[in-house]
2 protein chains.
Amino acid sequence: MKNHVSPPSLSATIADAIRSDIVDGRLLVGDRLPSETELADQHGVSRATVREALKRLAAQSLIRTERGAFGGAFVNHLSYEEARAQQVTTSTLLLGMNAIGFQVACEARYALERSCTSLAAERRTDALLDAMRKEIEIQSAPGLTDEAFCASDVAFHRALVDCAGNEVLSYHLAGSVEAMQPLMNMITFTARSRAEIIDLHRSIVADLEKRDAVSVDRALAKLEAYTITLGQSVLKARATR
Amino acid sequence: MKNHVSPPSLSATIADAIRSDIVDGRLLVGDRLPSETELADQHGVSRATVREALKRLAAQSLIRTERGAFGGAFVNHLSYEEARAQQVTTSTLLLGMNAIGFQVACEARYALERSCTSLAAERRTDALLDAMRKEIEIQSAPGLTDEAFCASDVAFHRALVDCAGNEVLSYHLAGSVEAMQPLMNMITFTARSRAEIIDLHRSIVADLEKRDAVSVDRALAKLEAYTITLGQSVLKARATR
DNA sequence: GATTTTTCATTTGTCAGACATTTAATTGTC
DNA sequence: GACAATTAAATGTCTGACAAATGAAAAATC
């Protein structure tokens, strides 16, 4: 029988130790870690092992390294962009690898997105409304590929989320919206279905302008229902193929 | 002036190449990567460099490695647990490192949590309601430390989120709820404020039992307002100290 | 012939030492 | 004082080696 619980390697152990130093605040943003040689001495391992540990942390954007004299590994300031990129990667993989039902993923995504409607109606800016209108223009263009349509759809919804004027909210929602893109890309959008979606997008923008949160919410509910319908028809077509 | 845009290292480049192989589906879950020696030959680098690249991917749970003959690096099946753990780490760091206003973080957290009230009211199970009651018991215990109170609070809200019966939703919300814990830990809960919170928890459970989504939502709104009040008083006390 | 034991090849984990490259501070020169 | 050369410290990479784990095949045993 396979054990499958292999003892953590030295590099993993060291990485965990440094990680908790950072997470628990013993190392602060901008602090410099000891040099690789010093870390190797401290932990009684070779420099190669320390380097593997540091690469693990770098992969999580916990540290950044600089070369040269007075270079080294520094506790990284995690920007919204980096955090979002990581979250999107993780969420996308989770959806892709776990055979999540399209309906379940869709339900979650729209539930989350609807959580920002009242704030968005309250705080929407003209700049963001314009951005949304621009995306609607793109979506209306004839000859647009399905993938480009999806990409613009994501951009539209990201702008909608940004209307809530809360960076933390935008960060969380970016993960759920963008992670859906691969699933959405499986759908073929007919001219008919595109028109339907664009109509809903138009009404969302209009309702936001009027600061009518209830109507925005209703439109999103319709969009969810319609998207699930589209997804199911695709799955049905697959099954009978 | 510092350049700050250092060219990506070889190990980072190789990691990116393999990562896109996985993300774009050229490597599937369970597939075995070539051995480190083979990868080194393929990319024309040393084994040490390949290993650093693989450790980066392992840190993101994209691959897992097994020792021994017929061992190697395998494309990992990303479980909900692993994904959630990563998301919580990222979110916690983001909140901790970016001097997010307590109010902004709180607003985002409750907006997201309220997105699951209608599903939760519809699908709540007796088992989860019992779990929530159990946490209320814990929270009512005299002599409980603030940290233990917070931990139980997180457990309560996780159960609430799980009531929605949507794994994807639970995954996303876990990040926003758990990442708040360090911020919540800064708050000192008086007996008075604990009683207030526990009352709201009780009414949430009662409303869920009655499948009364509107009342749950109202209680969460109150909880949000009260939490923000508590947070602000802490900040004020800090400022005048 | 079936079962157990041993051997063996493969692969990751770790180490030691070396050299290349980058970078900021120092020193030297005019 | 300004500019150029030197130097020291640090990461990035390579090489070669050995240890440890592990499954498969071969050998020994019954």
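We did not get these values from a lab; they are worked out from the coordinates using the rules stated. Bear in mind that the values here come from a model prediction, so they are computed numbers and not experimental data. Note that we place each Cβ from the backbone using ideal geometry, even for glycine, and neighbour counts take in every protein chain shown.
Overview of values
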| read-out | value |
| --- | --- |
| For the stretch B:83-241: rounded, prolate or oblate by the Cα gyration tensor [a/c cutoff 1.5] | oblate |
| Principal-axis tilt of helix A:126-140 within chain A, Cα atoms, nearest 10 degrees | 70 |
| Prolate/oblate/rounded call for the protein assembly as shown, Cα gyration tensor, a/c under 1.5 rounded | oblate |
| Residue among B:Gly25, B:Gly68, B:Ala40 farthest towards the positive dipole end of the stretch B:10-75, charges placed on Cβ | B:Gly68 |
| With Cα atoms, 0 to 90° folded angle of helix B:146-162 axis to chain B main axis | 80 |
| Average beta-carbon neighbours from other chains, 10 Å sphere, peptide A:16-26 | 1 |
| Per-residue HN-Hα couplings for the stretch A:70-82 [Karplus 6.51, -1.76, 1.60; θ = phi - 60°; Hz; x = Gly/Pro] | 6, x, x, 9, 10, 5, 7, 7, 6, 7, 4, 4, 4 |
| Distance between modelled label sites at B:Val104 and A:Arg202, nm, 7 Å Cα→Cβ extension | 3.6 |
| Amide hydrogen neighbours beyond the local backbone of B:Ile63, cut-off 5 Å, H modeled | B:Ala58, B:Asn76 |
| Ranked list, fewest to most other Cβ atoms within 10 Å of each Cβ, for B:Phe74, A:Phe102 | B:Phe74, A:Phe102 |
| Label geometry 7 Å along the beta-carbon vector: B:Ser9 inter-copy distances in nm | 1.4 |
| Prolate/oblate/rounded label for the stretch B:46-130 (Cα gyration tensor, a/c 1.5) | oblate |
| Residue order, fewest to most surrounding Cβ atoms within 10 angstrom, among B:Leu129, A:Leu28, B:Leu112 | A:Leu28, B:Leu129, B:Leu112 |
| Relative contact order of chain A, defined on C-alpha pairs under 8 angstrom at six or more residues apart (%) | 20 |
| Net charge over other residues, Cβ less than 15 angstrom from the Cβ of B:Thr89 (K, R count +1; D, E count -1) | -3 |
| Local electrostatic count, A:Lys55, Cβ distance below 10 Å [Lys/Arg +1, Asp/Glu -1] | +3 |
| Long-range amide H partners of B:Ser35 with built H, under 5 Å | none |
| Size of electric dipole in the stretch A:80-239: Cβ of Lys, Arg +1 and of Asp, Glu -1, about Cα centre, debye, nearest 20 | 440 |
| Length-normalised contact order of the stretch A:1-72 in % [C-alpha pairs under 8 Å, at least 6 apart] | 35 |
| Label spacing, shortest first and in nm, from A:Gly25 to its equivalents in the remaining copies (7 angstrom along Cα→Cβ) | 4.6 |
